[in-house]
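Nothing in this text is a laboratory measurement; each read-out follows from the coordinates by a stated rule. These numbers come from a predicted model, not from an experiment. Neighbour counts are summed over all protein chains in view; Cβ atoms, including those assigned to glycine, are modelled from backbone coordinates with ideal geometry.
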Amino acid sequence: MMKTSRNAPCPCGSGRKYKVCCLQKGDSYTPTERTVVLMPIRDHVTEPTQRCLDLFTDGNVEILTEVGLPVDVARNRLVERVKSLADRPRYVIWADADAVWTAGAFDLLRDDIRKLGPNALIGVLHGPRCVGAEAAALRVIHPPTGTPIQWGTDYPVHPTDPKALIRVAFVGAHMLAHDVRLLDALKDYPWTPRHRYECSEDFAFTARVHEARGGVWCHAGLLVFHYDEDRAVAFAPGYLPPFTIDNMGQPQPMADDGTGWANLRQSNKRSYGSTVDAQMERNRILATDLTSKGRGSLYTGKEGAA
């Protein structure tokens with residue numbers, strides 16, 4: 001490993017010279033045992049999400065937000081803000097402004113970080129804002145010239161199942177966790193898509209983690225719900241029903257309305273900013289083209305004719 005010059009910028013990202021920063025702390029210096037929650041916000045935080053922040057975080061958690069920006073821009077700015085902190089927290093948890101989690105979720109993610117080390121990216125079990133969708137995690141990503149992507153992770157029997165931590169190729173960014181030092185290993189603007197196969201900002205970020213020789217995991221026993229404020233319903237992936245959220249932030253399954261929740265089987269469309277919207281549209285067209293040629297679907301991974 002190349003030795004850092006005394007007058008070079010400190011690799012911890014503080015913006016100060018190495019000689020007046022981590023060199024004085026010794027080579028064994030690690031970030032402090034605190035947590036920073038990074039939250040890109042479209043316009044506001046949903047009420048259930050705010051309730052989770054109030055109920056399920058402690059005084060050792062700092063929350064940084066960016067409001068009203070395209071999602072990739074907001075996430076990149078949050079990266080730079082964390083890297084510029086003089087006293088950086090060890091644990092980084094990304095949470096969307098419409099995420100709903102339960103008590104103990106952050107503790108489980110911090111345990112995962114300690115277990116897997118500073119180069120691991122850890123996601124959770126979540127899906128889009130609709131009923132019956134598969135989890136936003138990929139066990140396999142085929143090369144662009146091969147068969148398309150395959151979605152879905154395995155579902156453990158119980159959230160504390162030791163096998164709940166599953167190695168994946170990709171996991172969505174509804175909630176992510178990692179050691180702060182992972183950010184030092186990534187290139188600039190890690191959330192910006194670079195080509196058509198990085199169809200969203202979380203694909204781009206996951207690709208940077210792979211390029212930095214980091215591992216990508218999904219804690220498949222940790223459900224984080226996706227709250228749709230317009231319909232006042234929270235969603236989980238797989239064959240679970242839609243949920244309401246009670247005053248203690250706890251999800252409560254809804255009874256079938258007799259239609260199989262037909263009106264909740266499509267996700268409301270929303271914009272993520274011009275860059276990501278354009279990438280997702282190109283990806284949709286590509287998926288349609290692959291399916292029409294009998295090569296399967298980029299989203300479902302269902303194989304077509306050879």
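I'd like to know how segment 31-148 sits against the 2.2 N^0.38 Å rule of thumb: what's its Cα Rg over that expected value?
The reported ratio for this selection is 1.17.
What are the ³J(HN,Hα) couplings of segment 225-233, residue after residue, when phi is run through the Karplus curve with 6.51, -1.76, 1.60 and θ = phi - 60°? Round to Hz, x for glycine and proline.
7, 10, 8, 9, 5, 5, 9, 6, 9
Could you please report the charge total around ALA120, scoring K, R as +1 and D, E as -1 over all other residues with beta-carbon less than 9 angstrom from its beta-carbon?
Details: positive: LYS115; negative: ASP112, ASP179.
For residues surrounding ALA120, the net value is -1.
Quick one: what are the phi-derived ³J(HN,Hα) couplings along segment 112-127, Karplus 6.51/-1.76/1.60 with θ = phi - 60°, whole Hz, x for glycine and proline?
3J(HN,Hα) across segment 112-127, in whole Hz: 4, 4, 4, 6, 9, x, x, 9, 9, 10, 10, x, 10, 7, 8, x.
Determine ³J(HN,Hα), in whole Hz, for all residues of segment 198-215 in sequence, where each value follows from phi through the Karplus function 6.51 cos²θ - 1.76 cosθ + 1.60 and θ = phi - 60°; x replaces Gly and Pro.
With the stated coefficients, segment 198-215 comes to 8, 7, 7, 5, 6, 4, 4, 5, 4, 4, 5, 5, 4, 5, 8, 6, x, x Hz.
Find out how many positive minus negative residues lie around GLY215, taking Lys and Arg as positive, Asp and Glu as negative, among other residues whose Cβ is under 15 Å from that of GLY215.
+4
Taking H placed 1.01 Å from N in the peptide plane, check which residues at least 5 places from VAL216 or on another chain put their amide H under 5 Å from its amide H.
Counting only residues 5 or more places away or on other chains, the set is LEU121, VAL168.
How would you rank 80-89, 215-224, 255-264, highest first, on the average number of other Cβ atoms within 10 Å across their residues? It would help to have the intermediate numbers written out before the result.
On the way: 80-89: 15.1, 215-224: 22.9, 255-264: 11.6.
Final packing ranking: 215-224, 80-89, 255-264.
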